[in-house]
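Chemist: The structure's right below; bear with me while I get my questions together.
The values are calculated or read from the model by the stated rules, or taken from the named source; none is laboratory data. These numbers were taken from a predicted model, which means no experiment stands behind them. Cβ placement follows ideal geometry from the backbone for every residue including glycine, while neighbour counts extend to all protein chains displayed.
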Protein chains: 2
Amino acid sequence: MDEVAAIFEPQKVVLVGSSIIREKVGMTSPQLFKSVTYNMKKFFRKKTYIVDLDGKTGYATLDRVPGVPELAVVMLPPKQSITHVEECAKKGVKAFVLITGGYKDEQRQQLLKLRQKYKVRILGPNTIMGVINTANGLNTTFERNTMPKKGKIAVVSQSGGVGACMLDWACFYDVGISKFAFMGDKIDVNDVDLLRYLGKDASTKVICLYMEGIKDGRKFIEEARKIVKKKPILALKGGITQESAHRAKSHTASIAGKDEIFDAALKKAGIIRVEDIEELMNAAIALSKQPPMQGDNVAIVSNVGGPAILAADAVVKNNLKLATLSEKVKKKIETLYSGVDATNPIDMIADARAERYEKVLELVLADKNVDGVLIINMLKSCFFEPKDAKVIPKIAAKYPDKPVVDVPAGGEDFALVYKVLGNTSIPLYNLPEKAARALKVLRTYGKIVEKH
Amino acid sequence: MDEVAAIFEPQKVVLVGSSIIREKVGMTSPQLFKSVTYNMKKFFRKKTYIVDLDGKTGYATLDRVPGVPELAVVMLPPKQSITHVEECAKKGVKAFVLITGGYKDEQRQQLLKLRQKYKVRILGPNTIMGVINTANGLNTTFERNTMPKKGKIAVVSQSGGVGACMLDWACFYDVGISKFAFMGDKIDVNDVDLLRYLGKDASTKVICLYMEGIKDGRKFIEEARKIVKKKPILALKGGITQESAHRAKSHTASIAGKDEIFDAALKKAGIIRVEDIEELMNAAIALSKQPPMQGDNVAIVSNVGGPAILAADAVVKNNLKLATLSEKVKKKIETLYSGVDATNPIDMIADARAERYEKVLELVLADKNVDGVLIINMLKSCFFEPKDAKVIPKIAAKYPDKPVVDVPAGGEDFALVYKVLGNTSIPLYNLPEKAARALKVLRTYGKIVEKH
């Protein structure tokens, strides 16, 4: 197994921390050590050994760990971390996740020397949360009981805070995750290594990046270009202004380049750029569940007028087109449901239930003038009931090349329909504008696949 | 009492519907009539009389309604509605809310003739949900048990669907509402009438509009200009593209003008335009809870690095500035907390608890270089606990001229802090970008107040 793979797929892990050391400012704390221990014992389905720097609490020391763990997770102050990385490396450990931060430049250099000497790979330091692999239950985070559900989205974050926010988001909104990796200072294992690994990872279908800077832009672009043919990559960039770039430098020691250069690099790499964490998650959900969109033409099928108009506005704002339905399809819909004007955006009127959604959706998806469908099904002010939504994945499955997204617009309405469709292939959004942006991303990825 | 006021503040209401008539396509239905009856009986704290077109179900007929109700709520097919509007008008009813739609042009003309003849005022038809007044419990919607909590935000929606979505949003996210009005076809009572009424309504501090078109632009601008001196008006516009404008015409019979003209009109009126329903709600919450921002300089106070960088990016993207803290304040913070770099955005590090937030926030708010503060307090990956957030409204209250917004970024983190701060003066956002936009709106309103 290569060393980067060992970070995610170890058979044996040694967790090196301390149940007594507490840093004045920093993340070394008995509490956090206890929490990581708890998570590893609870979720990791392979072997975990604990090495406690205290030595008197009954935990095993490194000598007593049988065999050679593939991965060591170290959460000590910089000086002690370095000592223990070397000790583990001597024992034959090849992969390291360093949780804590506060390393000085010379300490980073020391780590890099160990990397060279022992041919090991290091994720971090300053990863804060480390890694999660939902396939084997590996979870080095110190958030007790925080484990996202298994899914197809991988997240790589340079920042602990942004990563933690995405993790919190994924758990709360039940987003399916394959891997989480927090890069921190990335003195060794970097975006390129992680992209290469995730590109080959069968359980990952979409890769999400939060980045503040890239070290080797050329390699990064090269690697990304290879991957995007098979799976999409999304990126959120922090530090795009002069002021925040200054902060990024002190935060994760990254040099954030000019935003235009970064933007051009992402385009060249075939990476889709997003504007915030919610858009990142929303786009990833769409890409993990639906096919790329092969043309610009979107049909809107709704049981309310106003939100359908907002959806139409959003489609056009995102440089997509409102599909012109074929006359045959329009006529069929209008014959079936007198009073319904089947001009796109189609307002099926507030009394539309499952049967009307089923028939109209089928007609619209079969129309060659339509490349994707944005459905709106509100409950409030309408007759629609959550169970009616079951017809949507059923019909969408018949047209596997045309993306379908659904908008049970609002608060409670969204939550109620989510209970019915959350685990299906249909991505759900609480506002039409978010669904339109998701379709835009599916279209963008469609173009990237064509081009690369 | 003037007739528009009677729509919201009647002492007696007569609800005219039918427990047997069901339209094939349309909103007249025994079920909906039952639901409106249920809501009126449950929430309205004055008198409600029910007139059932059936006549045999034991409900009173109009003759049996004692005295003269100020308001009649009519939910019948167009023809019967018109008949009953006239009957009520003859009895002396001065204000009408017409729930159902499907009126032909000539039927609208008939209603307008009644309006002239009897000097009555009509909201609708096609209001779908009618009106809500949280002060007296008036609720003509057919969503059972859907009543937002009492608050300072008024919502006027031309669309039933968009209004219903906002209502659902407000209930689910616990947004405080003063009044809801669904305008529908607005053949009589229009934006100008409602603005005039809400401008004087003491319980309303912020007015939110969803509109697809304006009929008398000049009057609208005049009325708005008067109001924005005292209270802010926010607007979301549907039908901004040619394609969706076509739909808006058939939807609520509005003629949507060119978007640039509309945009210029809003600017002239001192109305703040927003991009979607979430932004509308978020901006309204900020304006209802915090003062306008009197300068461009925003300080960011955070316990995480990455999200603070995203916040800084968003501040600059919104044409605000990152405040340059005075040297004295920076030094004080750095002396108090070694390891903290007090350059804005301030990363107080993940172990910051209530005490550090309290001290740093106080120092930053006292700094004359700071016009507003964006706080980030994540729980995940940090030591912060929800109860720690209590210091925020406490300190913010000492500086009533400087807005403070808070970002417990993420999913569960947001929900947990919302439980502590949701009912305080501090607006909460689940992502830094949304908080930055809220500050931008507070700044925009600051400029509007200066100018008008």
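Chemist: Considering only residues that are under 9 Å from the mean Cα position of the chain (by Cα) and either small (Gly, Ala, Ser) or closer than 15 Å to A:Ile128 by Cβ (or both), which ones fall in the range A:147-192?
Modeler: So in the range A:147-192, the residues under 9 Å from the mean Cα position of the chain (by Cα) come out as A:152-156, A:166-167, A:170, A:175-180.
Result: A:Ala154, A:Val155, A:Val156, A:Met166, A:Leu167, A:Ala170, A:Gly176, A:Ser178, A:Phe180.
Chemist: Within the range A:117-198, considering only strands (runs of 3 or more DSSP E) that don't extend past its boundaries, which have at least 3 residues that are touching a strand residue (DSSP E or B) at 6+ places or on another chain (Cβ under 7 Å) and within 14 Å of another protein chain (Cβ to nearest Cβ)? Spell out the reasoning first.
Modeler: On the way: elements: A:121-123, A:131-133, A:150-157, A:177-182.
Strands (runs of 3 or more DSSP E) meeting the threshold: A:150-157, A:177-182.
Chemist: Which of the residues belonging to the range A:219-242 are touching a His at 6+ places or on another chain (Cβ under 7 Å) and either free of Cβ contacts under 8 Å to residues at least 24 places away in the same chain or of a type outside the set (Val, Ile, Thr) (or both)? Before you say what the answer is, go through the steps one by one.
Modeler: Here is the first cut: in the range A:219-242, the ones touching a His at 6+ places or on another chain (Cβ under 7 Å) are A:225, A:228-229.
If the condition is that a residue be touching a His at 6+ places or on another chain (Cβ under 7 Å) and either free of Cβ contacts under 8 Å to residues at least 24 places away in the same chain or of a type outside the set (Val, Ile, Thr) (or both), then A:Arg225, A:Lys229 are the ones that fit.
Chemist: Among the residues of the range B:350-386, which ones are more than 14 Å from every other protein chain (Cβ to nearest Cβ), of a type in the set (D, E, K, R) and closer than 23 Å to B:Asn423 by Cβ?
Modeler: B:Glu358, B:Glu362
Chemist: If B:Ala299 satisfies all but one of (1) of a type in the set (A, V, I, L, M, F, W, C); (2) surrounded by 22 or more Cβ atoms within 10 Å (Cβ to Cβ); (3) more than 14 Å from every other protein chain (Cβ to nearest Cβ), what's the number of the condition it fails?
Modeler: (3)
Chemist: If you take the residues in the range A:7-32 that are modelled with pLDDT of 95 or more and assigned to a helix (DSSP H, G or I), which one is surrounded by the fewest Cβ atoms within 10 Å (Cβ to Cβ)?
Modeler: A:Phe8
One line per residue, one yes/no per condition, for (1) of a type in the set (Phe, Trp, Tyr); (2) within 22 Å of B:Asp406 (Cβ to Cβ):
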{"position": "B:Lys331", "(1), (2)": "no, no"}
{"position": "B:Ile346", "(1), (2)": "no, yes"}
{"position": "B:Tyr357", "(1), (2)": "yes, yes"}
{"position": "B:Leu361", "(1), (2)": "no, yes"}
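Chemist: Just a yes or no: is a residue in the range B:320-333 within 12 Å of another protein chain (Cβ to nearest Cβ), of a type outside the set (S, T, N, Q), part of a helix (DSSP H, G or I) and in contact with a strand residue (DSSP E or B) (Cβ under 7 Å, 6 or more places away or on another chain)?
Modeler: No, the range B:320-333 contains no residue that is within 12 Å of another protein chain (Cβ to nearest Cβ), of a type outside the set (S, T, N, Q), part of a helix (DSSP H, G or I) and in contact with a strand residue (DSSP E or B) (Cβ under 7 Å, 6 or more places away or on another chain).
Chemist: In addition: Considering only the range A:420-437, state which residues are assigned to a helix (DSSP H, G or I) and more than 14 Å from chain B (Cβ to nearest Cβ). Let's see the steps before the verdict.
Modeler: The initial filter retains those residues of the range A:420-437 that are assigned to a helix (DSSP H, G or I), namely A:420-421, A:432-437.
Across the range A:420-437, the qualifying residues are A:Val420, A:Leu421.
Chemist: Name the one entry in A:Lys440, A:Lys380, A:Lys390 that is assigned to a helix (DSSP H, G or I), touching a residue at least 24 places away in the same chain (Cβ under 8 Å), of a type outside the set (Ser, Thr, Tyr) and under 30 Å from B:Val36 (Cβ atoms). Steps first, please.
Modeler: On the way: A:Lys440 fails: under 30 Å from B:Val36 (Cβ atoms); A:Lys380 fails: assigned to a helix (DSSP H, G or I).
Of A:Lys440, A:Lys380, A:Lys390, the one residue that is assigned to a helix (DSSP H, G or I), touching a residue at least 24 places away in the same chain (Cβ under 8 Å), of a type outside the set (Ser, Thr, Tyr) and under 30 Å from B:Val36 (Cβ atoms) is A:Lys390.
Chemist: Restricting to the range A:217-244, give me the number of residues that are in contact with a strand residue (DSSP E or B) (Cβ under 7 Å, 6 or more places away or on another chain) and over 14 Å from A:Arg273 (Cβ atoms).
Modeler: So the count comes out to 3.
Chemist: Restricting attention to the range A:105-122, does a residue exist that is crowded, with 24+ Cβ neighbours inside 10 Å, under 29 Å from B:Phe414 (Cβ atoms) and not assigned by TED's automatic domain parsing to the domain that holds A:Lys215?
Modeler: Within the range A:105-122, none of the residues are crowded, with 24+ Cβ neighbours inside 10 Å, under 29 Å from B:Phe414 (Cβ atoms) and not assigned by TED's automatic domain parsing to the domain that holds A:Lys215.
Chemist: Just give me the residues in the range B:387-412 being of a type in the set (Asp, Glu), more than 14 Å from chain A (Cβ to nearest Cβ) and under 30 Å from A:Asn126 (Cβ atoms), in sequence order.
Modeler: Let us first name the residues in the range B:387-412 that are of a type in the set (Asp, Glu), namely B:388, B:401, B:406, B:412.
In the following step, the residues that additionally are more than 14 Å from chain A (Cβ to nearest Cβ) were identified as B:388, B:401, B:406.
Result: B:Asp388, B:Asp406.
Chemist: Working only within the range A:407-426, note down all residues that are of a type in the set (Gly, Ala, Ser), touching a strand residue (DSSP E or B) at 6+ places or on another chain (Cβ under 9 Å) and either under 21 Å from A:Ala314 (Cα atoms) or free of Cβ contacts under 8 Å to residues at least 40 places away in the same chain (or both).
Modeler: Just the residues of the range A:407-426 that are of a type in the set (Gly, Ala, Ser), to begin with: A:409-411, A:415, A:422, A:425.
If we keep only those that are touching a strand residue (DSSP E or B) at 6+ places or on another chain (Cβ under 9 Å) too, we end up with A:409, A:422, A:425.
Correct list: A:Ala409 only.
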